[in-house]
Amino acid sequence: WNLMTFVARSPSFPLASLRRVAVPEALGLLDVSFPDIYEQLDGVSAAEVLDRLRFPPEARHLALEVFARSFFAHPTEFSGGELVGMFHMYFTGSAEGLLFDVPRDDYDSALWQPLQDYLRRLGVDIRAGTTVSSVQPAGAGHDVVLSATDGGAESRLAADGVVLATELPALQALLERSPQLGDAEWRGRIGALTTSPPFVVWRLWLDRLAAPERAPFLGTSGFGPVDNISLVERLEQHAAAWSAVHGGSVVELHAYSVGPEWTPESLRVRLRSELERAYPELVGAAVVHDEWLWRQDCPLPSTAPWRLRPTVPTPTPGLVLAGDVVRCDYPVALMERAATTGLLAANALLRDWGMPGHALWTVPMDSRFGPWPGRLRRAWPQRGPGQRASRRRSS
């Protein structure tokens, strides 16, 4: 119903264009089983999947290509299996569809600081200002070498188990400094992984408000490098308090898969221009303050064989991986993958210590429609582009 309503309400799905859609390929979006679909589409890019579907161009960008960009990847480099996984999670596998829960305030205030305080009350030693120089196996456990970021002396920490849950570049650098971890084949697979193109988050404190009819969050297509626009004062208490005092909006712009043709300076100009095109009432608004984030640390879910991605277990006992770079059987996006593999990593260590783990919830791992999409797909008359189905011709 989510999918049908989306198609019916969206002007990006004109009836005339829908007649050209490749029905067997569209049924393939419903005829899925995880994690099998990832291997079935090894070597197939998201762009190829979209080409086969023959979706209307507007619908292609709005309904499907957005998933590639949410992984900070270009559709030609993004895994077709991941694209189908996102379609299943958001449209055909989830009752919530494209609805999201968000905290009432910024994540630091609403989640990370309270969680840190809670863990410390339980006796957890958190060293956020400390760098891990290396990790080495040591008897039944591990010897973790620590160095303070302010140039202090190194120290060592004996650990029964280690979870490496870092961004890909940090993981690769740490393994270079930890030559005894894993084996050559495992280390080579991780070393061969690449990051997606850069992404940008730009938050602007403006001296005027966006129009009241604007949505708190707007996903965009056709607005240059802008992928979405958020009115943060309608989502976060701190921003709402600032807006109430100063009478302005706190606007956040996201740009994913930033190409090499952009510099920070040129991208700022273009992002501001596209914001004013989308929200004309903000033309000429003064920037009271801004924060600019340019990063390139997310893994690229490429078309390379799915089974070559690193898993939670490693060749070294007591060492597990977690994060968005880690292979996961479930249809999950980057942040969900990081959280899910974190639970899987904890469960792996707990299991080794003879303790119960945590239950994991997921959308259905198979088609919500049972075997019917596959049967209909196989029975559908085959046709080439520009041809009508054989049944239509014979009538």
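The values are calculated or read from the model by the stated rules, or taken from the named source; none is laboratory data. Model, not experiment: these values are computed from the prediction. Don't worry about glycine lacking a Cβ; one is built from the backbone with ideal geometry, like all the others, and counts go over all protein chains shown. The area values use the complete protein model at the heavy-atom level, side chains included, leaving out ligands, DNA and RNA. Shrake-Rupley method; radii C 1.70, N 1.55, O 1.52, S 1.80 Å.
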In square angstrom, what is the accessible area per residue of the stretch 2-150 with a 1.4 angstrom probe? 51
The stretch 1-158 - percent relative contact order, Cα under 8 Å, separation 6 or more: 17
To the nearest 20 Debye, how big is the dipole of the stretch 17-141 about its Cα centre, given +1 on the beta carbon of each Lys and Arg and -1 on that of each Asp and Glu? 140
I'd like the per residue volume of the convex hull spanned by the Cα atoms of the stretch 1-108, given in cubic angstrom. 129
Per the 1/(1 + (r/R0)^6) rule, R0 = 22 Å and r from the Cβ atoms of Arg351 and Leu157, FRET efficiency to 0.05 is 0.45
Grab the Cα-Cα distance for Leu111 and Ala128, subtract it from 0.36 nm times how many residues apart they are, and report the gain in nm with one decimal. 4.6 nm
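Explain nothing, just the number: relative contact order of the stretch 1-76, from Cα pairs under 8 Å at least 6 residues apart, as a whole percent.
This gives 40 percent for the stretch 1-76.
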Measuring from centroid to centroid over Cα atoms, what is the spacing of the stretch 336-371 and the stretch 167-231 in Å? 24
Which residue, Pro212, Val245, Gly222, has the largest displacement toward the positive end of the dipole of the stretch 184-246 when charges sit on each Cβ (Lys, Arg +1; Asp, Glu -1)? Gly222
Relative to 2.2 N^0.38 Å, what does the C-alpha radius of gyration of the stretch 176-326 come to as a ratio? Two decimals please. 1.39
If you take the charge dipole of the stretch 50-201 about its Cα centre, with +1 on Lys and Arg Cβ and -1 on Asp and Glu Cβ, which of Ala153, Ser178, Met86 is farthest toward its positive end? Met86
Rg/Rg_globular for the chain, with Rg_globular taken as 2.2 N^0.38 Å and Rg from C-alpha atoms: 1.12
How would Glu281, Glu252 line up by accessible area, probe 1.4 Å, largest first? Glu281, Glu252
Quick one: accessible area per residue over the stretch 166-320, 1.4 Å probe, rounded to a whole number of Å²? 47
In nanometres, the difference between 0.36 nm per residue of separation and the alpha-carbon distance of Ala241 and Leu15 is 76.8 nm
Run the helix sum for the chain: -39,500 (n - 2.57) per DSSP H stretch of 4+ residues, divided by residue count, reported at 222 nm to the nearest 500 deg cm²/dmol. -9000 deg cm²/dmol
Where the only charges are on Cβ atoms (+1 Lys, Arg; -1 Asp, Glu), what is the dipole of the stretch 255-395 about its Cα centre, to the nearest 20 debye? 1500
Heavy-atom SASA rank of Glu77, Glu154 (probe 1.4 Å, accessible area, largest first): Glu154, Glu77
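May I ask you to order 189-196, 355-362 by the average number of other C-beta atoms within 10 Å around their residues, highest value first?
Ranked from most to least packed, the peptides come out as 189-196, 355-362.
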Leaving out ligands, DNA and RNA but keeping every protein chain, what accessible area does Arg214 have, in Å² rounded to the nearest 10, with a 1.4 Å probe? 60
Accessible surface of the chain [probe 1.4 Å, protein heavy atoms]: carbon and sulfur percent: 56
What order do His74, His246 take when sorted by accessible area (1.4 Å probe), most exposed first? His246, His74
So if I place +1 on the C-beta of Lys and Arg and -1 on the C-beta of Asp and Glu, and nothing else carries charge, what would the dipole magnitude of the chain be about its Cα centre? I want it in debye, nearest 20. 1960
If R₀ is 51 angstrom, what is the calculated FRET efficiency for the pair Arg177 and Glu96, using the beta carbon separation as r and rounding to 0.05? 0.75
